[in-house]
Structures are given as structure tokens and as C-alpha cells.
């Protein structure tokens with residue numbers, strides 16, 4: 001952020017010096033082209049409010065350039081799926097070194113490390129809880145990254161509207177000069193309003209076109225890298241899936257079959273009938 005502020009100050013200073021040089025050469029009729037460039041692109045003749053709109057767009061353009069560079073850096077592949085982290089995690093899971101794995105992921109701030117760490121912390125609640133934690137963390141961190149780069153999309157859509165606002169204001173000035181002059185305005189006053197209208201539109205488009213283009217590129221890059229990191233993390237979590245034999249309830253010793261209750265003996269049902277006495 002300090003580097004961005006220094007860049008902004010340097011750009012504003014450069015524009016101010018350029019504009020001051022143009023004003024200093026205002027009395028030299030031999031070089032009209034050099035004096036009109038700064039006057040056309042950095043100031044609005046006869047309108048302080050029009051100049052304020054132009055300089056606001058200039059500051060916004062410098063901010064958007066710094067923001068595009070920052071967003072491009074923090075959304076590179078090395079910050080989403082670092083080289084070798086997935087392979088190292090796979091080795092630690094294979095050797096069942098879970099403490100070392102959790103320590104490795106806790107020290108890593110990449111997207112892959114955060115998503116996999118969230119899943120592993122739910123291992124005590126079963127495989128289903130790990131999958132749910134993985135999906136929730138992936139959605140959360142992906143949305144967070146997309147929300148950050150959404151600023152570029154906002155700038156790309158708002159900048160043309162600010163330029164259009166300056167365009168309407170400049171045209172109002174031009175028509176007011178026509179009314180004030182009774183239908184015969186001074187060419188200088190008429191050109192001042194039209195110039196403000198065109199210059200503000202120019203700077204609005206200068207800001208919008210790169211912002212929207214870079215936003216689309218970074219968003220596609222984030223989508224591709226986060227999807228790949230999600231698949232890698234899901235493949236590692238699947239190693240904790242219980243096998244069919246382990247998931248089934250262990251077979252216990254078969255219980256003895258219930259025995260029939262002893263029936264009371266009845267006469268004639270014994271193994272031998274009583275012998276009759278003989279005479």
C-alpha cells in the first residue's frame with residue numbers, strides 16, 4: 001500500500017508539472033500544439049468543476065493500475081496451489097504423519113492449505129464431516145477471493161458513468177454559452193464546454209477498458225486454480241474414506257439358539273411305561 005501511494009503521488013506530481021509547463025507557454029503563439037495538449041487532457045478551460053472531474057478520473061486511473069497489479073500478484077498460482085505442497089501432503093498422509101501434516105498446513109496461507117486444513121480438523125467427526133468442511137471452506141475462500149477482485153469490476157463500470165457525468169456537464173456549459181451569447185457564442189467558450197465533455201469521456205474509457213479486461217483475466221485465473229486445488233484436496237481427503245469391510249459392523253460370535261423350555265412329563269409320554277404287576 002505505501003508503494004501504491006508513492007506511485008500515485010509521483011503520477012499526480014508529473015501531471016501537475018506538465019500542466020504548469022503548458023500554462024507557462026500559454027503566451028507563445030509559435031507552439032500552439034504543445035500548449036493545447038495539456039490544456040485539452042488535464043484541465044477544463046473556464047470550468048473548475050470540469051477540471052475537478054478530470055483530475056478525479058486521473059487519480060482513479062492511477063489507483064486502478066496499482067490495484068490491478070496487486071490483485072494479479074495475490075491471485076497467482078503460487079498463492080492458490082503452491083508447487084509441491086499437494087505432493088508433500090500426500091506423502092505425509094501415506095506415512096500417517098498427521099501431526100506433521102497439520103503443522104505444515106497451519107503454517108501455509110495458500111488456498112489449498114486452508115481448504116485441506118479445514119477438512120482435516122473435522123476428522124474426529126467422520127469422513128462425512130470432512131467432506132462437508134472441505135466444501136464449505138472451498139466456497140468461503142473462493143468467494144473471498146472473488147469479492148476482492150470485484151473492486152476492479154466496480155471501477156470498470158463506474159468510471160464510464162463518471163465520464164458520462166462530465167460529458168453532460170460539458171454539454172450544459174456549451175449550450176449555456178450559446179444562450180448567453182444570444183445564439184452567437186464565442187468559439188472559445190463553446191469549445192471549452194465541448195472539450196470538457198470529450199475529455200471526461202476519454203478518461204472514463206481509459207480507466208474502464210483495462211479494469212474490465214484485467215478483471216476478466218484474473219477471475220478466470222482464480223476459477224481455474226481454485227478448481228484444481230479443490231480437486232487435489234478432495235483426492236487427499238478421499239484417502240480417509242472408510243473401506244467397505246471397516247464400515248460394516250464387525251461380526252460377533254453367534255449367539256446360542258434359544259432352547260425350548262422343558263415340558264412337564266405326562267403319563268404315557270416317558271421313555272418306558274410302567275410295568276403291570278404280574279400275578
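Read-outs throughout are calculated quantities, based only on the coordinates presented, and are distinct from any laboratory measurement. Here the structure is a predicted model, which is why all the values come from computation and not from measurement. Cβ placement follows ideal geometry from the backbone for every residue including glycine, while neighbour counts extend to all protein chains displayed.
Of the residues 108, 235, the one with the fewest other Cβ atoms within 10 Å heads the list, and the complete ranking is 235, 108.
Restricting to Cα atoms and excluding each atom paired with itself, what does the Kirkwood estimate give for region 43-241 in Å? Numbers along the way, then the final one.
Working: mean 1/r = 0.0495 Å⁻¹.
When all Cα pairs of region 43-241 are included, the Kirkwood radius is 20.2 Å.
Working ranking of peptides 121-129, 137-145 by packing, defined as the average number of other Cβ atoms within 10 Å per residue, highest first, is 137-145, 121-129. Gap in Å between the Cα centre of region 132-165 and the Cα centre of region 198-218? Centre-to-centre (Cα) distance: 16 Å.
Calculate, in whole percent, how much of the Cα-Cα pair population of region 116-163 lies beyond 17 Å. Here the tail beyond 17 Å accounts for 52 percent of pairs. Each residue in 158, 222 was given a count of other beta-carbon atoms within 10 angstrom of its own, and listing them fewest first yields 158, 222.
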